[in-house]
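Inspection log for the structure reproduced underneath, given as structure tokens.
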Amino acid sequence: GIQVEQSPPDLILQEGANSTLRCNFSDSVNNLQWFHQNPWGQLINLFYIPSGTKQNGRLSATTVATERYSLLYISSSQTTDSGVYFCAVSRALYSGGGADGLTFGKGTHLIIQP
Amino acid sequence: SQTIHQWPATLVQPVGSPLSLECTVEGTSNPNLYWYRQAAGRGLQLLFYSVGIGQISSEVPQNLSASRPQDRQFILSSKKLLLSDSGFYLCAWSSGVSAFFGQGTRLTVV
């Protein structure tokens, strides 16, 4: 199956700093999503981005499908950005995966200190 | 708008006891439904998925089973829990572009 590697595994920053999280995947994909897991365990959708660039407020993401990686940018970090950020991919057309499901990386644990 | 409900939020069960976790989706029809487990170490693993009533596919052989008795209802079960079944269980739905997750059930088997 597809391998997903995220880096760095842990990141500690001061409030106001910028950060870049990386996701590498081992095979071509039709679906790539970024999630934020808050301290209560809730997984929040950030981006559906199998290719190209998207922005939503202080967050943006870029996926270079031909080179099999995606980047999540967080600017002007706030303490509420803390949590674990997951990249998940699928080769199926549906985001849930259908035949092979969403494959998750192990996440980047981000801590924003005040 | 679509919503997904999952309960209970936390559960402590003895080894050998049965398990039933329920997930329901509102505001959509014929969704794809999924059960994932998140063990210590943060990664999520797909356990089961369903593309329709009565249609269940298992990704990982284990002590658990799933059922879909209604279009928007997905149930995760076990006849006899093992210590290794402890973890954070998440239900998800999708009908197109993105997957959306429930709030999860934290299961501790003692």
Provide a single number: the residues in segment A:22-56 that are more than 17 Å from residue A:2 (Cβ to Cβ), β-branched (Val, Ile, Thr) and at pLDDT below 95.
-> 1
Kindly indicate the residue of segment B:31-42 that is more than 9 Å from chain A (Cβ to nearest Cβ) and more than 17 Å from residue B:75 (Cα to Cα) and also surrounded by the most Cβ atoms within 10 Å (Cβ to Cβ) among those meeting that condition.
-> B:39
Pairs returned, first residue in segment A:32-44 that is without any contact (Cβ under 8 Å) to a residue 24 or more places away in the chain, second residue that is in a loop (DSSP other than H, G, I, E, B), beta-carbon separation under 6 angstrom, 6 or more apart or interchain, are A:41/B:104; A:42/B:103
Taking segment B:21-67 and keeping only residues that are out of contact with any strand residue (DSSP E or B) (no Cβ under 8 Å at 6 or more places or on another chain) and under 13 Å from residue B:95 (Cβ atoms), one is left with B:29
Sole exception among (1) under 30 Å from residue B:6 (Cβ atoms); (2) surrounded by 15 or more Cβ atoms within 10 Å (Cβ to Cβ); (3) touching a residue at least 12 places away in the same chain (Cβ under 8 Å) for residue A:62, by number | (1)
Going through segment B:67-85 in order, the residues found to be free of Cβ contacts under 8 Å to residues at least 40 places away in the same chain and within 14 Å of chain A (Cβ to nearest Cβ) are B:68
Look through B:15, B:97 and report the one residue that is open to solvent by 40 Å² or more (accessible area, probe 1.4 Å) and without any contact (Cβ under 8 Å) to a residue 24 or more places away in the chain.
-> B:97
Sort through B:55, B:45 and tell me the only one that's open to solvent by 60 Å² or more (accessible area, probe 1.4 Å), within 14 Å of chain A (Cβ to nearest Cβ) and within 19 Å of residue A:43 (Cβ to Cβ).
-> B:45
Among (1) in a loop (DSSP other than H, G, I, E, B); (2) more than 14 Å from every other protein chain (Cβ to nearest Cβ); (3) buried (at least 17 other Cβ atoms within 10 Å of the Cβ), where does residue A:106 come up short?
-> (2)
So is residue B:110 farther than 14 Å from residue B:2 by Cα and in contact with a Pro (Cβ under 9 Å, 6 or more places away or on another chain) or not?
-> yes
Can you name the residue in segment B:18-30 that is more than 25 Å from residue A:85 (Cα to Cα) and buried (at least 17 other Cβ atoms within 10 Å of the Cβ) and is also nearest to the other protein chains (Cβ to nearest Cβ) among such residues?
-> B:28
Run down B:90, B:107 and say which single residue is of a type outside the set (Val, Ile, Thr), in contact with a helix residue (DSSP H, G or I) (Cβ under 8 Å, 6 or more places away or on another chain), within 13 Å of chain A (Cβ to nearest Cβ) and open to solvent by less than 60 Å² (accessible area, probe 1.4 Å).
-> B:107
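The values are calculated or read from the model by the stated rules, or taken from the named source; none is laboratory data. Please read these numbers as outputs of a predicted model, since none were measured by experiment. Virtual Cβ from ideal backbone geometry, glycine too; neighbours counted across all protein chains shown. What goes into the accessible areas is simple: the full protein's heavy atoms, side chains included, and nothing from ligands, DNA or RNA. Shrake-Rupley method; radii C 1.70, N 1.55, O 1.52, S 1.80 Å.
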